[in-house]
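The values are calculated or read from the model by the stated rules, or taken from the named source; none is laboratory data. From a predicted model like this one, the values you see are computed outputs, not experimental measurements. Methodologically, a virtual Cβ is constructed for each residue, glycine included, from the backbone with ideal geometry; neighbour enumeration extends over all protein chains shown.
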């Protein structure tokens, strides 16, 4: 004969659930002191770009490289004289020239960074719905918990007509609750330890616009003519050219691509959580310990 058990107080060591639905989750601010990304790779395409308030400066330094030499042969010996060197022809400095806003054609941006880190990092997520070693919670508050169809085998023979509190003779048992409804579950001071995530992939990333701050780009190269040999003398013309490009801002439009990260490491962080409208189906509680029970037959 099945017996109904009233539980005045209980301890739950562990639990497993079936389907869990959460109507709304309000997550407080999340603070991370540092995030480290290892093996960050990104392959992006962009439709167009703009360099704002662009300026360019070109510096040209022309030189003449030369050599000369004469050898006189005597009957008993030879005598040679000569020299080589460089003559500077001055410096041509165009100064800063304004190019205004420079349009950039669409192209591809490849990123391959062995290691990068950023922090401190703070974010406040919007309310979310649905579900998402050691985690510590300083306090938990629940309101209006309703449990339906709770069943647990006592292992005792039925005694008719008795409603009697007795010490629990059965030891830890398993309990099944068909439906558990909580109006509200509120927790404070949830502390999450440092975590590492591996093989992270983010596909089909789309960004309407990307902006960077001011930047400088420099480059240089050398260009020279061929040597001109005139028996006793030779020379060539050489140019050392350097340029500097700077802009106050770089804008890229319609970026899309994929990002792969070998691993990401976060510091520990803390948060608060407020969940409402929780419905737990088919809750199974393991190692359910009851100091005393009341039997109703």
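For the stretch 58-73, does any single residue satisfy the condition of being in the same structural domain as residue 230 (by TED's automatic domain parsing), in contact with a strand residue (DSSP E or B) (Cβ under 7 Å, 6 or more places away or on another chain), surrounded by 12 or more Cβ atoms within 10 Å (Cβ to Cβ) and more than 28 Å from residue 226 (Cα to Cα)? Working first, answer last.
Let us first name the residues in the stretch 58-73 that are in the same structural domain as residue 230 (by TED's automatic domain parsing), namely 58-73.
Within this subset, residues satisfying the condition of being in contact with a strand residue (DSSP E or B) (Cβ under 7 Å, 6 or more places away or on another chain) are 58-72.
Next, only the ones that are surrounded by 12 or more Cβ atoms within 10 Å (Cβ to Cβ) stay: 58-69.
With more than 28 Å from residue 226 (Cα to Cα) added as a condition, the list becomes none.
The answer is no, given that none of the residues of the stretch 58-73 is in the same structural domain as residue 230 (by TED's automatic domain parsing), in contact with a strand residue (DSSP E or B) (Cβ under 7 Å, 6 or more places away or on another chain), surrounded by 12 or more Cβ atoms within 10 Å (Cβ to Cβ) and more than 28 Å from residue 226 (Cα to Cα).
With respect to residue 234, is the statement that it is surrounded by 14 or more Cβ atoms within 10 Å (Cβ to Cβ), assigned by TED's automatic domain parsing to the domain that holds residue 84 and either within 16 Å of residue 65 (Cβ to Cβ) or in contact with a strand residue (DSSP E or B) (Cβ under 7 Å, 6 or more places away or on another chain) (or both) true?
Answer is yes for this residue.
Identify the single condition in (1) farther than 30 Å from residue 236 by Cβ; (2) modelled with pLDDT of 70 or more; (3) not in a strand (DSSP E or B) that residue 113 does not satisfy, given that it satisfies every other one.
Among (1) farther than 30 Å from residue 236 by Cβ; (2) modelled with pLDDT of 70 or more; (3) not in a strand (DSSP E or B), the lone unmet condition for residue 113 is (3).
Is the stretch 183-206 home to any residue that is on the phi > 0 side of the Ramachandran plot, assigned to a strand (DSSP E or B) and assigned by TED's automatic domain parsing to the domain that holds residue 145?
yes
What are the pairs, 6+ residues apart or on separate chains, where a residue within the stretch 207-219 that is more than 24 Å from residue 57 (Cα to Cα) has its Cβ under 6 Å from a residue that is assigned to a strand (DSSP E or B)?
The qualifying pairs are 207/255; 209/253; 210/252; 210/255.
Is it fair to say residue 218 is modelled with pLDDT of 80 or more and either in the same structural domain as residue 46 (by TED's automatic domain parsing) or out of contact with any helix residue (DSSP H, G or I) (no Cβ under 6 Å at 6 or more places or on another chain) (or both)? Show your work before the answer.
Numbers: modelled with pLDDT of 80 or more: yes; either in the same structural domain as residue 46 (by TED's automatic domain parsing) or out of contact with any helix residue (DSSP H, G or I) (no Cβ under 6 Å at 6 or more places or on another chain) (or both): yes.
Judged against the criteria, residue 218 is a match.
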